[in-house]
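*Asks:* This is the structure, below, for whatever I ask next.
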Amino acid sequence: MSTKSDQLEWRRSKVVEMRARGLSLGEIAREMQVSKASIGSDEYLREQAKESIREYTTEYLPEQYQVCLTALDAIIKRAFDILKTLDDKHADAEIPYYLFHYNKDYDGKKWILMR
C-alpha cells in the first residue's frame, strides 16, 4: 500500500499530464473523482511552476539570448559578404526586401527589422 505522500505525488503528476493534454480543471476533477477545489488550489504545483520559470530565466535564457545575437551577427555578415560578390547588374535584384538595421541600445545590441 502506498503512502499518502506517494498518492499526492501521483495525483499531482496526473494533473500536470492532463493539463498538458488540454483538459480543464473541471474535466480533470471529474475524471479523477475528486473536487475541483482540491486540484485548483494545489499551491505546491503553482510554486513548482514559478521556480521552474525562475530557473529557466536566470540560468538558461541569458545564454541562449547571447547565442542568438552571435548567430544573427554571423548571418548578417555572411549576407553582406554574398552581396559584395555579386556584380552591379545583379546586385539590385538580390538585395532583400527587408533589411536588418543595427541600432546600439543601452543594454547592448538591438536588431530592428526595417522595410
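Values quoted throughout were computed directly from the atomic coordinates according to the rules given, and no laboratory measurement underlies them. The structure presented is a predicted model; accordingly, all values stated were derived computationally and were not measured. Note that we place each Cβ from the backbone using ideal geometry, even for glycine, and neighbour counts take in every protein chain shown.
*Asks:* Write out the trypsin sites (Lys or Arg not before Pro) in the stretch 20-61 meeting two conditions: DSSP loop, and at most 14 other Cβ atoms within 10 Å of their Cβ.
*Replies:* Values: sites: ARG21, ARG30, LYS36, ARG46, LYS50, ARG54; in loops: ARG21.
Sites meeting the loop and neighbour criteria: ARG21.
*Asks:* A further question follows. Based on the Cβ-Cβ distance of SER24 and TYR65, what FRET efficiency does E = 1/(1 + (r/R0)^6) give at R0 = 30 Å, to the nearest 0.05?
*Replies:* 0.30
*Asks:* Residues in the stretch 1-29, backbone N under 17 Å from the label point at LEU45 (7 Å along the Cα-to-beta-carbon vector): list them, ranges by number please.
*Replies:* 5-29
*Asks:* Let me ask something else. Quote to one decimal, in nm, the extra length available between MET32 and THR57 on full extension: 0.36 nm per residue of separation minus the C-alpha distance between them.
*Replies:* That works out to 5.7 nm of additional length.
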